[in-house]
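Asker: A single structure is presented below for examination.
The values are calculated or read from the model by the stated rules, or taken from the named source; none is laboratory data. These figures come from a predicted structure and were not determined experimentally. All Cβ positions, glycine included, derive from the backbone under ideal geometry; neighbour counts span all protein chains shown.
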2 protein chains.
Amino acid sequence: MRRRQPLAVSMGDPAGIGPEITLRAWADRHERGLEPFVAFADKDLLAARARLLGLTVPIAVVGSVAEAFDAFGSSLPVLHTPLRAPARPGVADAANRGTIIGAIEDATAAVVRGEAAAIVTNPIAKHVVRGDDFAFPGHTEFLAALAERHFGKTYRPVMMLASEELRVVPLTVHCPLASVPKAITRGLVRETVHTTYTALKADFGIAAPRIAVTGLNPHAGEEGTMGREETDVIAPAIADLRSEGLSVTGPHPADTLFHAAARRTYDAVVAMYHDQALIPIKTLAFDEGVNVTLGLPFVRTSPDHGTAFDIAADGRASPTSLIAALKLATEIAAARAAGVP
Amino acid sequence: MRRRQPLAVSMGDPAGIGPEITLRAWADRHERGLEPFVAFADKDLLAARARLLGLTVPIAVVGSVAEAFDAFGSSLPVLHTPLRAPARPGVADAANRGTIIGAIEDATAAVVRGEAAAIVTNPIAKHVVRGDDFAFPGHTEFLAALAERHFGKTYRPVMMLASEELRVVPLTVHCPLASVPKAITRGLVRETVHTTYTALKADFGIAAPRIAVTGLNPHAGEEGTMGREETDVIAPAIADLRSEGLSVTGPHPADTLFHAAARRTYDAVVAMYHDQALIPIKTLAFDEGVNVTLGLPFVRTSPDHGTAFDIAADGRASPTSLIAALKLATEIAAARAAGVP
């Protein structure tokens, strides 16, 4: 990471666990070796949540991202983003949607301006933020729209889940399982593998990335006897990619692709749908998974969990995934700054 | 297990790894604490494969299952089932299909007669055994047909994958992913959970089984916004089962159901399709998984892998899963003999 660029952390839903895990991550900053970050959040919310949980976290309201870098050692730097309504733990309130969205916009703008190294987003709830001005399925698509607003180009973001043990990219994400087979196209496989390949080089510093692609059906269709998508769509896309010189294998039966020996044969897996990608990573690394958005002109990570309204402010929420997201954002920003290997 | 009943092990495809893992399991019998078993196999095949691999395994051709019990200590007991054609490692030969099928029939008959405690099947290849007299997708359905032949009743077998850490039952197994949504019915969910529940009590000795049921869609459909099967089919089936007094929860998002803390909350998971069930168990326990057929009038287990023609007789095949299948068959037979808790 270039010097004096903190990470920009957006507040997330103030009724969820975002505020408390941000406080706890700061408290663990030395132990976990975290680089400075600044919270785009309501200062009073953070102070109140710290009191409620008995956390000693001094809040430093800063006037600029740059100030946050030095403040971080002794206090949690906050760029104050005022709530419209009191935030009650566990009780989502659409009155605060403007603040929730604004924190993401402001944090992104700070990264685009080069003041911050990367954006790390706390969880939001779709049903809270959804509105005429926010018709996105989630963060990822919203950030792509912000990127377009800033850079005047269209981006096709790709979601990766990353842990120490495994990196997975679902080709399709938030669609019903019945819609998955038709959504898988040769073009989508190619594009997703290309985006993943580029990110493995530029963001993860892997000089010669190896990507494994799953099949859709049991046993990857077993020669077309249990489904044709492998033969008709996935294998031809892999052939295209290999002819372009990419190190891509598959379609592999998904059930035998995620044990320890198999994981040593690739740097990332492109899987066909949500559960095929997320079951293995959450089985192996439930608390340490990080959501990384590939294919954007800035670095964005987030913890791999939701708002968790049901446990907000009750003391159980763990900052582990947010801490992993902060560390990975630092690493990716450093890799991008160093240039492609 | 009742005394003096060995396990009946069927040969599997002689061109695959079945013969060698059977030899290796016998060689590890003391170290792994295996109860006696008898191989329904060609004696010359086993002797030749032992020579090829440099294994010192004396073969004892026995005339009855009962003889095998005492022979097991000093040699591998074999009920000779002659091949029709020489078995070359890695080269499947349909000329031997009659012997492959006959070994399963004979081993099953020995269990039905009460001479053997359970059947443990080595892997077969569908394309080798398929024919006018064998139109089954695999072992499980063939064994159900054998049960019907012996007992004059229809059985609906259910496949479970079991390891130390996890038991999973896929509701649908070998069908294309595109066919899965329509295959999920309220009746099938109910029947599969009932069979699983009965087996957890009778076969696994769990007095009050707890079963978790997955959803089909990402996030279990998220209140119907990403698919309706949870709302329309799975949740009503679970409600039925709960009203009958069964301890059943769900539909759960599949991605967050398999980490260590979640696994402590149930005794088995009923999942909606092949990969949803098999990805977590093969990620956690690639070598130790056992395939158990529930809902049959006799005990049957098998290693959770295929014929592995590609590595047959090259020395790499591990007997770990077969050994786990032998041990679990012994445990289940003992539980059935002891009666429902």
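Asker: Does B:R242 count as away from chain A (no Cβ under 14 Å) and within 17 Å of B:R156 (Cβ to Cβ)? Step through it out loud before you land on a result.
Answerer: On the way: away from chain A (no Cβ under 14 Å): yes; within 17 Å of B:R156 (Cβ to Cβ): no.
Against the criterion (away from chain A (no Cβ under 14 Å) and within 17 Å of B:R156 (Cβ to Cβ)), B:R242 does not qualify.
Asker: Sticking with this one: Need a quick list: strands (runs of 3 or more DSSP E) entirely within the range B:1-104 having at least 2 residues that are free of Cβ contacts under 8 Å to residues at least 40 places away in the same chain. Spell out how you get there, then give the answer.
Answerer: Working: elements: B:7-10, B:37-41, B:59-61, B:76-80.
Answer list for the range B:1-104: B:59-61.
Asker: Select from the range B:290-312 the residues that are facing chain A (nearest Cβ under 10 Å) and either under 30 Å from B:A235 (Cβ atoms) or charged (D, E, K, R) (or both) and list them in ascending order. Can you show your working first?
Answerer: Keep residues of the range B:290-312 that are facing chain A (nearest Cβ under 10 Å), which gives B:304-306.
Result: B:D304, single match.
Asker: Can you tell me which residue is nearest to B:R97 (Cα to Cα) among those in the range B:10-31 that are among the β-branched types (V, I, T) and out of contact with any helix residue (DSSP H, G or I) (no Cβ under 6 Å at 6 or more places or on another chain)?
Answerer: As a first pass, look at the range B:10-31 and keep what is among the β-branched types (V, I, T): B:17, B:21-22.
Now drop any that are not out of contact with any helix residue (DSSP H, G or I) (no Cβ under 6 Å at 6 or more places or on another chain), which leaves B:17, B:22.
Numbers: B:I17: 16, B:T22: 19 Å.
Selected residue: B:I17.
Asker: Another question, if that's okay. Can you name the condition, by its number, that B:L34 falls short on among (1) out of contact with any helix residue (DSSP H, G or I) (no Cβ under 6 Å at 6 or more places or on another chain); (2) surrounded by fewer than 21 Cβ atoms within 10 Å (Cβ to Cβ)?
Answerer: (1)
Asker: Test of understanding: among A:D203, A:D267, A:D232, A:D275, which residue is within 14 Å of chain B (Cβ to nearest Cβ) and crowded, with 17+ Cβ neighbours inside 10 Å?
Answerer: Working: A:D203 fails: within 14 Å of chain B (Cβ to nearest Cβ); A:D267 fails: within 14 Å of chain B (Cβ to nearest Cβ); A:D232 fails: crowded, with 17+ Cβ neighbours inside 10 Å.
Checking each option against the conditions leaves just A:D275.
Asker: Any idea which of B:S243, B:S247 is touching a strand residue (DSSP E or B) at 6+ places or on another chain (Cβ under 9 Å), closer than 29 Å to B:K182 by Cα, surrounded by fewer than 17 Cβ atoms within 10 Å (Cβ to Cβ) and not assigned by TED's automatic domain parsing to the domain that holds B:V9?
Answerer: Result of the check over B:S243, B:S247: B:S247.
Asker: Further question: Within the range A:68-85, is even one residue modelled with pLDDT of 95 or more and among the aromatic types (F, W, Y)?
Answerer: Yes, there is a match, as at least one residue in the range A:68-85 is modelled with pLDDT of 95 or more and among the aromatic types (F, W, Y).
Asker: If I filter the range B:56-101 down to residues being small (G, A, S) and touching a Phe, Trp or Tyr at 6+ places or on another chain (Cβ under 8 Å), which single residue comes out as surrounded by the most Cβ atoms within 10 Å (Cβ to Cβ)?
Answerer: Our first condition is that a residue be small (G, A, S); within the range B:56-101, this holds for B:60, B:63-64, B:66, B:68, B:71, B:73-75, B:85, B:87, B:90, B:92, B:94-95, B:98.
From the residues that got through so far, the ones that are touching a Phe, Trp or Tyr at 6+ places or on another chain (Cβ under 8 Å) too are B:68, B:90, B:92.
Working: B:A68: 28, B:G90: 16, B:A92: 22.
The qualifying residue surrounded by the most Cβ atoms within 10 Å (Cβ to Cβ) is B:A68.
Asker: Sticking with this structure for a sec: Out of all the residues in the range A:213-222, is one or more surrounded by fewer than 20 Cβ atoms within 10 Å (Cβ to Cβ) and not charged (D, E, K, R)? Walk me through how you get there before you give the answer.
Answerer: Taking the range A:213-222 and keeping what is surrounded by fewer than 20 Cβ atoms within 10 Å (Cβ to Cβ), we get A:222.
Then keep just the ones that are not charged (D, E, K, R); that gives none.
The answer is no; no qualifying residue exists.
This table checks each residue for (1) at the interface with chain A (Cβ under 10 Å from one of its Cβ atoms); (2) closer than 29 Å to B:L257 by Cα; (3) free of Cβ contacts under 8 Å to residues at least 40 places away in the same chain.
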position: B:K126; (1), (2), (3): yes, no, yes
position: B:S163; (1), (2), (3): no, yes, no
position: B:P170; (1), (2), (3): yes, yes, no
position: B:V173; (1), (2), (3): yes, yes, no
position: B:P176; (1), (2), (3): yes, yes, yes
